[in-house]
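Participant: I have a structure here, written as structure tokens, and I will follow up with some questions on it.
The values are calculated or read from the model by the stated rules, or taken from the named source; none is laboratory data. Just so it is clear, the model here is predicted, and its values are computed rather than measured. Cβ sites come from the backbone with ideal geometry, for glycine too, and all protein chains shown count toward neighbours.
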Amino acid sequence: MTRKSFGTMMGSQTTSTFMGLPSGTVSDVTGGSVILGAPCATPYPSVGAYCAEAPDVIRDAISIYQANITHMDFDLGGPMFPNGVDSIDLGNLEYDEADAPANRERIRSTVSAIVERGGVPVVLGGDDSIPIPVIDAFAGHGEYVVVQIDAHIDYRDEVGGEKLGLSSTMRRSFEMAHVIGQIQVGQRGIGSARPQDFEDAKASGVKFVSARDVAANGIQQVIDLVPAGAKVIIDLDCDALDPSIVPGVIGRAPGGLTYWNVVDLLHGISAKGSIAGFTLVEFMPDSDVDGIGALNNARIICNVLGLVARQS
């Protein structure tokens, strides 16, 4: 049975929004979670907008369950939206590979407006540089802890003269006055970080829990690092996950986090503090295998939406 026929059997119809959520604009935001596609921010010339199709592919992967949105979700212990659907999908922002400043400003201003109206932005990327304008958008709205779920630490000051690209997201975010803490989980293998970049991050106060640490001692040690009552902005770089479940990333490496590692971390953060924003980046549909990465990413998003609904 194909995905399409399975969805039809369950009563789902064609939809362009995440699980058939209502579409809307920023002016429609009155709280709850808000889906926003951000295909591109500051791409390096060597790779371009390599994840631009990801937001729509992730939406499509979960569309077969549109008719089931009020059913039991056993990852959440109840319906995704226990008090009725309080989420909307704003669609995708426009982008221009040749105009990174304009891309960043579209992301920053839209996310800022969502937060201003009491919404929790759930941003579907898009390339790895997107967290910079997303996190910047929270300035003036309080103090935040950033949790980065990633195989790499993204702490380069610059690459080829570009200071706002994919290898610099966490260094730039921790320079923002409203970011009062940073926790990184899932590091493994080799990436762009040099030893001095890692030392710089530790000296700045970044807390690290590697993928090997998680394999040995579990995800609770990461949750324990989150301050009680903290407002948390979460960035999930898909290469944090094991390539057996999300193969469509730039740099595959063995030994990544499992789906349950990530879901348990999200639930732990929401129980201890609150999810203030969430960004998913670096999913490359062209390198996916039979849609399995898109589905895993979509199910992680379902957990985020359900957790936000429960903390409202």
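Participant: Name the residues in the range 197-248 that are of a type in the set (Lys, Arg) and either in contact (Cβ under 8 Å) with a residue 24 or more places away in the chain or under 16 Å from VAL262 (Cβ atoms) (or both), would you?
Facilitator: LYS207, ARG212, LYS231
Participant: Return the pair list, or none, for Cβ contacts closer than 9 Å from residues in the range 258-280 that are closer than 23 Å to ASP127 by Cα to residues that are modelled with pLDDT under 95 and among the small types (Gly, Ala, Ser), at least 6 apart or on different chains.
Facilitator: As it stands, the answer is THR279/GLY126; LEU280/GLY126, since those pairs meet every condition given.
Participant: State which residue is nearest to GLU282 (Cα to Cα) when the search covers only the range 35-73 and only residues that are free of Cβ contacts under 8 Å to residues at least 60 places away in the same chain and touching a helix residue (DSSP H, G or I) at 6+ places or on another chain (Cβ under 7 Å).
Facilitator: Top of the filtered list is SER63.
Participant: Oh, and also: Of (1) more than 21 Å from the chain's Cα centre (by Cα); (2) crowded, with 20+ Cβ neighbours inside 10 Å, SER168 satisfies all except one. Which?
Facilitator: (1)
Participant: Kindly indicate which of ILE132, ILE114 is in contact with a helix residue (DSSP H, G or I) (Cβ under 7 Å, 6 or more places away or on another chain) and either among the polar types (S, T, N, Q) or closer than 24 Å to GLY251 by Cα (or both).
Facilitator: ILE132
Participant: Now for a different question. Tell me, please, whether a residue that is modelled with pLDDT of 95 or more, of a type in the set (Phe, Trp, Tyr), at negative phi and in contact with a helix residue (DSSP H, G or I) (Cβ under 8 Å, 6 or more places away or on another chain) can be found in the range 195-202.
Facilitator: No; the residues of the range 195-202 include none that is modelled with pLDDT of 95 or more, of a type in the set (Phe, Trp, Tyr), at negative phi and in contact with a helix residue (DSSP H, G or I) (Cβ under 8 Å, 6 or more places away or on another chain).
Participant: Among the residues of the range 117-161 satisfying the criterion of being among the hydrophobic types (A, V, I, L, M, F, W, C) and in a loop (DSSP other than H, G, I, E, B), which is nearest to GLY91 (Cα to Cα)?
Facilitator: So the residue we want is ILE130.
Participant: Taking PRO121, is it more than 19 Å from the chain's Cα centre (by Cα) and of a type outside the set (A, V, I, L, M)?
Facilitator: No.
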